[in-house]
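S.K.: I am attaching a structure below and will ask some questions about it afterwards.
All of the numbers you see were taken from the coordinates with simple rules; none came from a lab. Quick caveat, the model's predicted, so the values are computed rather than measured. Quick reminder, even Gly has a Cβ in these numbers, built from the backbone with ideal geometry, and neighbours come from all protein chains shown.
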Amino acid sequence: MNSISSDVIRGYNDTMILYLLMQRPSYGYEISKQIKQLTQEKYIIKETTLYSAFTRMEKNGYIESFSSDEEGSGKRRTYYRITESGKNFYKEKCREWILTKEVVEHFILKEEPYGNN
Amino acid sequence: METIRNYLETMFSSLPHTPEVLRAKNELWQMMEDKYNELRNEGISDNEAVGTVISEFGNLDELSEDLGIHSVVTHTTPINSRKVSLEECKQYLKARASFGFKIALGVLLCIISPIGATLTDGFSSSIYEAFGACFLIICVAAAVVLFVSSPIIMHRYDFLKQEPCTIDFSTTHYINDQKERYRPTYALLLTIGIVLCILSFLPAAILDTLNLKLGRLSIDNISGTLLFIFVAIGVFMIVLTSMINSSYDTLLKLNDATTVGGNFVSTQHPEKQYISKTAATIMSVYWTTVTCIYLSISFLTFDWHLTWIIWPIASVIHAVLNSTLKK
């Protein structure tokens, strides 16, 4: 089992999306592509997961959507940008992850980190 | 691209048309389109790109809370239906084709069984008579073996009829594709088969005018034999091709409108809905009854030159019944 179970990563989809949106406003496919590239294709986010995260975070006020033309092609797309409260939420999630990682790390066997199970 | 659009439409087909749902559909479509185009630009084949996009789409259940469609999504999920894989479907189609071939061969053997007798009819020697009888018995015996043995293999696929089964979207698409590809062959074989049956009298008619004699074989011997052979080949083609064609429909009918894979058959050839069960029964036996009446009257009166009038009358009555009994 080398793939990530969706239950485990669910809580951190928001973190990934917010991290990418902090750099610049972006749209659905670009974000999913960046996640795929940054994780060296170890994690591919499903379209429905991504859209669900967008709507949830927009409802919570962490991101805002706006419609814009893509440079060149003239195709209208929905872009998302991060809000101030989104940035705060991101920092909070980062702290949460550091703590989570620290806690879970205590229970991970060190001798055979990439065992062939 | 068309496939992806169809997939998305099918996924959303059971959902209410609220602004949230429409927005979700548009956004998801945008993402899928972007991904498809990029994969294509990377030089990936159409089929593969469609496969990747669909496999990475995810599950609408995830959106149910955001869209307020939770009840709809959970409601339409089919209960405990058996998933039939693409591999199983391919095996089934293969098995059905060989089953169809065996049954068609059996029918062919039955039809040609009398040719031993017709060929030697009129010969005085009893050896020839014995040959005719032997040929008939061997043919019928072989046909019976085929009829009895071949359905046993098909029992493995009884679950398709007995259990609720579903096939996923890509499998449905594959089968529909195969069916489309088979369509020209089906039409060709069916036409040739029917033409052969109709033309079966032709050799007799031609030989009769030529009035030739081949050794001890009289014209009656040859023309009778040719008639059976023509009909046998014609029926063989019709039976084989119809059985192959119906195997695609069997698989495509597994899904109904509520399943994700979509139902290609019912939307293309909607089953007729009658006002009551009795009406449906009457309509299902209509043409057989008419045929029976036609043959009975014709044979009793031998007025074949008049009795054909039954057919135009019957079709007018059929049209009237159809429009009054349909929902």
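S.K.: Treat each spin label as a single point 7 Å out from the Cα along the C-beta direction, and report the A:Arg76 to A:Val103 distance in nm.
M.R.: In this crude label model, A:Arg76 to A:Val103 measures out at 4.6 nm.
S.K.: Among B:Asp121, A:Asp69, rank each residue by its count of other Cβ atoms within 10 Å, from fewest to most, as a rough exposure measure.
M.R.: A:Asp69, B:Asp121
S.K.: When the C-alpha atoms of the protein assembly as shown are aligned to their principal axes, what extent does each axis show, in angstrom, from largest down?
M.R.: 107, 61, 44
S.K.: Kindly provide the GluC sites (Glu not before Pro) of region B:1-43 that DSSP labels as loop, not H, G, I, E or B, and whose Cβ sees at most 10 other Cβ atoms within 10 Å.
M.R.: Numbers: sites: B:Glu2, B:Glu9, B:Glu20, B:Glu27, B:Glu33, B:Glu38, B:Glu42; in loops: B:Glu42.
For GluC sites (Glu not before Pro) across region B:1-43 that sit outside H, G, I, E and B with at most 10 neighbouring Cβ atoms in 10 Å, the list reads B:Glu42.
S.K.: State to the nearest 20 debye the size of the charge dipole of chain B about its Cα centre, where the only charges are +1 on K and R beta carbons and -1 on D and E beta carbons.
M.R.: Numbers: 23 positive and 30 negative charges, 269 e Å.
Computed about the Cα centre, the dipole is about 1300 debye.
S.K.: Arranged by the count of other C-beta atoms within 10 angstrom, fewest first, what order do B:Val316, B:Val144 take? Don't skip to the end; give the middle numbers.
M.R.: On the way: B:Val316 10, B:Val144 13.
The most exposed by this proxy come first: B:Val316, B:Val144.
S.K.: Something else now. So what is the 222 nm mean residue ellipticity for the protein assembly as shown from helices alone, if each DSSP H run of at least 4 adds -39500 (n - 2.57) and you divide by all residues, rounding to the nearest 500 deg cm²/dmol? Can you show the working numbers first?
M.R.: Numbers: 20 runs with 308 residues, N = 444.
Per the formula, -23000 deg cm²/dmol.
S.K.: Something else now. Under a point spin-label approximation (7 Å from Cα along Cα-to-Cβ), what is the B:Ala97-B:Asp220 distance to one decimal in nm?
M.R.: Inter-label distance under the simple model: 4.5 nm.
S.K.: By how many nm would the segment from B:Met1 to B:Lys90 grow when fully extended, if each residue of separation counts as 0.36 nm and the alpha-carbon distance is taken off? Present the calculation step by step, with values, prior to reporting the outcome.
M.R.: Working: separation 89, 0.36 × 89 = 32.04 nm, distance 2.45 nm.
The B:Met1-B:Lys90 span can extend by a further 29.6 nm.
S.K.: Which one, A:Gly61, A:Tyr12, A:Leu109, projects farthest toward the positive side of the charge dipole computed for chain A from Cβ point charges (K/R +1, D/E -1)?
M.R.: A:Gly61
S.K.: Per-residue mean of other chain beta-carbon atoms within 10 angstrom of the beta-carbon, peptide B:25-31? Don't skip to the answer; put the middle values down first.
M.R.: On the way: counts 1, 1, 10, 5, 1, 9, 13.
Other-chain Cβ atoms within 10 Å of each residue's Cβ, averaged: 6.
S.K.: Please give the FRET efficiency for B:Phe201 paired with B:Leu306, using the beta carbon to beta carbon distance and R0 = 25 Å, rounded to the nearest 0.05.
M.R.: On the way: r = 22 Å, r/R0 = 0.86.
Computed FRET efficiency for B:Phe201 and B:Leu306: 0.70.
S.K.: Would you mind getting me the FRET efficiency between B:Ile194 and B:Ser276? Use the beta-carbon distance for r and R0 = 35 Å, nearest 0.05.
M.R.: Details: r = 35 Å, r/R0 = 0.99.
Calculated value: 0.50.
S.K.: Treat the count of other C-beta atoms within 10 Å as a stand-in for reagent exposure and order B:Ile275, A:Ile108 from fewest to most.
M.R.: On the way: B:Ile275 11, A:Ile108 8.
Going from sparsest to densest Cβ surroundings: A:Ile108, B:Ile275.
S.K.: So for region B:1-57, taking the charge dipole from beta-carbon charges (+1 Lys/Arg, -1 Asp/Glu), which of B:Phe57, B:Leu15, B:Thr3 sits furthest toward the positive end?
M.R.: The residue sitting most towards the positive pole is B:Leu15.
S.K.: Show me the three semi-axes of the equivalent ellipsoid for region B:85-269, from the C-alpha gyration tensor (sqrt of 5 times each eigenvalue), largest first, rounded to whole Å. Numbers along the way, then the final one.
M.R.: Values: eigenvalues 380, 76, 16 Å².
The answer is 44, 19, 9 Å, longest axis first.
S.K.: For A:Lys33, go through the lysines and keep the ones whose alpha-carbon is under 19 Å away, minus same-chain ones fewer than eight residues off.
M.R.: Filter leaves A:Lys42, A:Lys46, A:Lys75, B:Lys35.
S.K.: At what distance in nm do the modelled label points of B:Val145 and B:Leu22 sit from each other, each positioned 7 Å from its Cα along Cα→Cβ?
M.R.: 6.8
S.K.: Which Rg and Dmax, in Å, describe the Cα atoms of chain A?
M.R.: Cα only, chain A: 16.4, 55 Å (Rg, Dmax).
S.K.: Using the Cα centre of the protein assembly as shown as the reference point, and only Cβ charges (+1 on K/R, -1 on D/E), how large is the resulting charge dipole? Debye, rounded to the nearest 20. Can you show the working numbers first?
M.R.: Details: 41 positive and 47 negative charges, 151 e Å.
The calculation lands at about 720 debye.
S.K.: OK, next. Under unit Cβ charges (Lys, Arg +1; Asp, Glu -1), what dipole magnitude, rounded to 20 debye, does region B:85-269 have relative to its Cα centre? Before the final figure, lay out the partial values.
M.R.: Values: 12 positive and 13 negative charges, 46 e Å.
Taking the Cα centre of region B:85-269 as origin, the dipole is about 220 debye.
S.K.: Enumerate the helices in chain B for which the Kyte-Doolittle hydropathy averages -1.0 or more and the C-alpha atoms extend at least 24 Å along the helix's axis, using complete DSSP H runs.
M.R.: B:86-112, B:126-154, B:169-198, B:219-252, B:277-301
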